[in-house]
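In what follows, a structure is listed as structure tokens, so that the remarks can point back to it.
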Amino acid sequence: MLSRIWQVFHSTVAAFFGVQTDDNRKKDFQTSSPLPYIAMGIVLAVILVVSLMFLVGQVLS
């Protein structure tokens, strides 16, 4: 279970930066459901936005 979460996290972060390898991309598309990738993408996007808001708030104060 933990290795699956790590694999989804790794794939999602690589996709965020656009450095996903073709082999990993093919393996990702062989999974039965895209929901873990969608959920991880939403979580990481929220973390990115919140951290940027915090950083800008610290710089401006």
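Read the figures in this text as sums done on the coordinates, not as results from a lab. Please read all numbers here as calculations on a predicted model, not as lab measurements. Here Cβ is always computed from backbone atoms with ideal geometry, including for glycine, and neighbour counts include all displayed protein chains.
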**Asked** What pairs can you find where one residue is in the range 1-17 and of a type outside the set (Val, Ile, Thr), the other is surrounded by 10 or more Cβ atoms within 10 Å (Cβ to Cβ), and their Cβ atoms are less than 7 Å apart, with a gap of 6+ or different chains?
**Response** PHE9/MET40; SER11/GLN20; SER11/ASN24; SER11/ASP28; SER11/TYR37; ALA14/GLN20; ALA14/ASN24; PHE16/LEU44
**Fill in**
Flagged in the range 1-50 as acidic (Asp, Glu) and surrounded by 11 or more Cβ atoms within 10 Å (Cβ to Cβ), in numbering order, are ASP28
**Message:** Just the residues that are under 20 Å from ARG4 (Cα atoms) and among the polar types (S, T, N, Q), please, taken from the range 17-61.
**Reply:** GLN20, THR21, ASN24, GLN30, THR31, SER32, SER33
